[in-house]
């Protein structure tokens, strides 16, 4: 039980920031390109409270982490925040600007992964104490959750960010037909998850990205 409480303490802040700032980034970029929907609803904010979804940001990650710790000994996390409302029709160039709005979320996660890596570097540079060990563990959790969310969301499957980016990049006719997958996107994602295929697909990309982050921040020679 102590390990579960410790794990929750270490993972809570990285998970909340990873999920909520991902959504905030969509709102910021949408506003830049002309859509004020999120801005008018007060959703363009770095305050996590504005983006937290009780079920997706708190309950589901907490239950999954606890169950995975008890059953397999390793914490597993998955969650979501309140989606930031974006009206792509309000963008100055809807099809093309959609690319940048969609890419903002994964981009924010990659940026945060680098920040958490720098926190680890700071922790390693300080004299060992009761503070440095949790700092390093939190940094490791921050890298992991942000890279997982980035890679997962870059899957070319509507309505994930990667799917919207694909719609933006494809020729109009192909984009129209591809976008029609969106109502079934989450069912496909769940099917991939429960069959184990999702981990097989994104696992190598997650490991590769973590290695890049660690290497570029000087944590590994």
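The values are calculated or read from the model by the stated rules, or taken from the named source; none is laboratory data. What you see is a predicted model; the values in this text were computed from it and never measured. Heads up, the Cβs are rebuilt from the backbone with ideal geometry, glycines too, and the neighbour counts pull from every protein chain shown.
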For the range 212-221, the count of residues that are more than 16 Å from residue 112 (Cβ to Cβ) and surrounded by fewer than 12 Cβ atoms within 10 Å (Cβ to Cβ) equals 3
The range 111-180: helices (runs of 4 or more DSSP H) wholly inside it with 2 or more residues that are under 20 Å from residue 213 (Cβ atoms) are 132-153, 161-169
Among helices (runs of 4 or more DSSP H) entirely within the range 1-94, at least 3 residues that are modelled with pLDDT under 75 and surrounded by fewer than 21 Cβ atoms within 10 Å (Cβ to Cβ) occur in 2-32, 60-71
